[in-house]
Amino acid sequence: MCDRASLKQKKRIVVKVGSSSLVHEETGLMDLFKLEQLVRILCDLRNQGKEVVLVSSGAIGAGRRVLGLNERPSTLPMKQACASVGQGALIGLYQRLFNEYHQVSSQILMTKHTIIREKSVFNAKNTFNQLLKMGVIPIVNENDTVSTDEIEFGDNDTLSAVVAALINADLLILMSDIDGLYTDDPNKNPEARFIECVPKIDKNLYNMAKGAGSDFGTGGMVTKIDAARIATDAGCDMIIANGKDFHHIHDIVYGEPIGTLFLAHKNEDFDLKRYIEGERH
């Protein structure tokens, strides 16, 4: 059983929102009500004196709708074209909503090179810290327009964990289309048990994880375990929760038993650059 009372004391929080949490399931169009709800909750966290970073998926999905594509693009050039169109539309929508609450937001697009190159990671860290110091909410996404590997296999689960490690966040919240971690795929196995707390990530946990996603997202449970390893090794607690209701963010920060909590256990030997370059296990 995890003691979640300490979650109330978290000061620097990264919130990741998946594509499936931002669109209407029936049409694939942006769910404006939920988007406004998300922005309001993040602004309220800022009003409590907490520093907040939002990692948001949805650029490719937004672009495909602007371009009139009914199906998710399958080729790399089409994905990048959708991302190019959708990124501007998505950030514009976010900024209009944040402006309603007089909250300044910014856009940060990242690639793996941001972390691998010493100078760029130094500059990225300084930029984040300066924005947070000024009370800005950075909105982060993978630079899908130019990235050639992350867009194909990756997702913003890993990106959000990298951001959390980079800025020394003390809490990462992954809002997805699942309630948390189960002993098996609950959609296929009705006897699958929900796991409330994960004190340690090991091979058994990876064996338990099942790749599962949706038409609008790219990440499965294995990628979320990868993200949890990055975050917890960097000294950051991480929670996987269902993004159907963004009020869960508020509940999590107040210590409510929502989602699966992965406990931080700072690994002094953990090297973020080496992890990103592929030495994960």
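The values are calculated or read from the model by the stated rules, or taken from the named source; none is laboratory data. Being a predicted model, the structure only gives us computed values, none of them experimental. Heads up, the Cβs are rebuilt from the backbone with ideal geometry, glycines too, and the neighbour counts pull from every protein chain shown.
Observations on the model:
- Listing of helices (runs of 4 or more DSSP H) fully contained in the range 109-200 that carry 2 or more residues being within 17 Å of Arg274 (Cα to Cα): 112-116, 118-133, 156-166
- Residue match in the range 239-253 (condition: at pLDDT below 90 and acidic (Asp, Glu)): no
- Restricting the range 53-83 to residues that are of a type outside the set (A, V, I, L, M, F, W, C) and in a helix (DSSP H, G or I) leaves a set whose member that is surrounded by the fewest Cβ atoms within 10 Å (Cβ to Cβ) is Pro77.
- Members of the range 234-270 found to be among the charged types (D, E, K, R) and closer than 19 Å to Val53 by Cβ, listed by number: Asp237
- Of all residues in the range 122-158 being within 24 Å of Ile41 (Cβ to Cβ) and among the acidic types (Asp, Glu), the one that is modelled with the lowest pLDDT: Asp155
- Taken over the range 51-62, residues that are farther than 17 Å from Asn156 by Cα and touching an Asp or Glu at 6+ places or on another chain (Cβ under 9 Å) amount to 0.
- Of all residues in the range 93-121 being modelled with pLDDT of 90 or more and over 19 Å from the mean Cα position of the chain (by Cα), the one that is nearest to Val17 (Cα to Cα): Leu97
- Filtered residue count, the range 1-48, keeping only those that are closer than 17 Å to Ile252 by Cβ and assigned to a loop (DSSP other than H, G, I, E, B): 8
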